[in-house]
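The values are calculated or read from the model by the stated rules, or taken from the named source; none is laboratory data. This is a predicted model, so every value here is computed, not measured. Here Cβ is always computed from backbone atoms with ideal geometry, including for glycine, and neighbour counts include all displayed protein chains.
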Amino acid sequence: MSRGSSAAPSARRVVVAVAGLALALSGCAAGQLAQTSQQRSTVDGAAGQVGSIALRNVKIAFPASGRYQKGDSAPLEFDVVNQGDQADRLVDVRTDAASQVLISPAPQPSAGAEPTATATDSGSATPTGTASPTGTPSPTGTATPTGTASPTGTASPTGTEAPTPTTSSSASESAPVPLPAEGLVPFGGTGASVVLDGLTRELLSTEIVNLTFVFDRAGEVTIEVPVATPATPLPPAPPIDDVTAESTG
């Protein structure tokens, strides 16, 4: 009888220990899953993929004042990589954070911007400021040139045509951006541009905006795009003593 009674408590202790270990392990696993589901990537820029088109380091440019006000325009900065063997086009970007999205290809230099000598109807340039070969004698016996270069032979007094202003896409116009096969197209800076025009709300640094990119062949993809952080660290806040001194002074 004594042996049976001593074995029973030992068995109960083993069962309790095993149950406690299983409960501890399940608690750790649950904590890890819950924590992971709340985490966000710290990379300053989002990424997306649709078909052969890859979006890399997509972000809204950092606002100079630290925030975008409602109604402002906010440019995007990102790269598009066409990994396929067929050309494509970025045709649209949609979001509820702006009243419209303006898309423009990279500006191209206009032909004929360099000044050239103006040609006459016969195709040859006419020099200016030269006297015609016919002269009429004046009463004093000296020949006075009566002819100067024809006013129709030159476009300006210097004999050169004024340069034609270069034309670029208007900020209020949108046009698809070509994406060559197996190529990379940068957006932002002096390249192609995508601008969120007429923001519908205030945007702060690190805030997330949903953007849908639409491509002619590949289709569309929606990604969460952050407002960029400053490229250089912000100056540190003044010490509390200095702030107190300024407020009392």
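Could you check LEU184 against (1) surrounded by 15 or more Cβ atoms within 10 Å (Cβ to Cβ); (2) modelled with pLDDT of 95 or more; (3) within 13 Å of PHE78 (Cβ to Cβ) and say which number it fails?
The one condition LEU184 does not meet is (1).
List the residue pairs whose Cβ atoms are under 8 Å apart, where the first residue sits in the range 75-104 and is assigned to a loop (DSSP other than H, G, I, E, B), the second is hydroxyl-bearing (Ser, Thr, Tyr), and the two are 6 or more positions apart or on different chains.
GLN83/SER52; GLY84/SER52; GLN86/SER52; THR95/THR212; ASP96/THR200; ALA97/THR200
So that you can scan it fast, the table gives a plain yes or no per residue for (1) at pLDDT 95 or above; (2) over 29 Å from ALA98 (Cα atoms); (3) in contact with a strand residue (DSSP E or B) (Cβ under 7 Å, 6 or more places away or on another chain):
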| site | (1), (2), (3) |
| --- | --- |
| SER138 | no, yes, yes |
| THR142 | no, yes, no |
| THR152 | no, yes, no |
| SER174 | no, no, yes |
| ALA192 | yes, no, yes |
| VAL214 | yes, no, yes |
| PRO226 | yes, no, yes |
| PRO238 | no, yes, no |
| THR244 | no, yes, no |
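Quick check on this structure: which one of SER65, SER37, SER26 is in a loop (DSSP other than H, G, I, E, B), surrounded by fewer than 16 Cβ atoms within 10 Å (Cβ to Cβ) and modelled with pLDDT under 95? Lay out the reasoning, then the answer.
Numbers: SER37 fails: in a loop (DSSP other than H, G, I, E, B); SER26 fails: in a loop (DSSP other than H, G, I, E, B).
Only one candidate passes the filter, namely SER65.
Only residues that are among the aromatic types (Phe, Trp, Tyr) and surrounded by fewer than 15 Cβ atoms within 10 Å (Cβ to Cβ): list them for the range 187-216, please. Walk me through how you get there before you give the answer.
At the first step, the residues of the range 187-216 found to be among the aromatic types (Phe, Trp, Tyr) are 187, 213, 215.
None; the set is empty.
Within the range 40-61, which residues are modelled with pLDDT of 95 or more and outside any strand (DSSP E or B)?
Step one: filter the range 40-61 for residues modelled with pLDDT of 95 or more, giving 46-61.
Answer for the range 40-61, where residues must be modelled with pLDDT of 95 or more and outside any strand (DSSP E or B): GLY51, SER52, ALA61.
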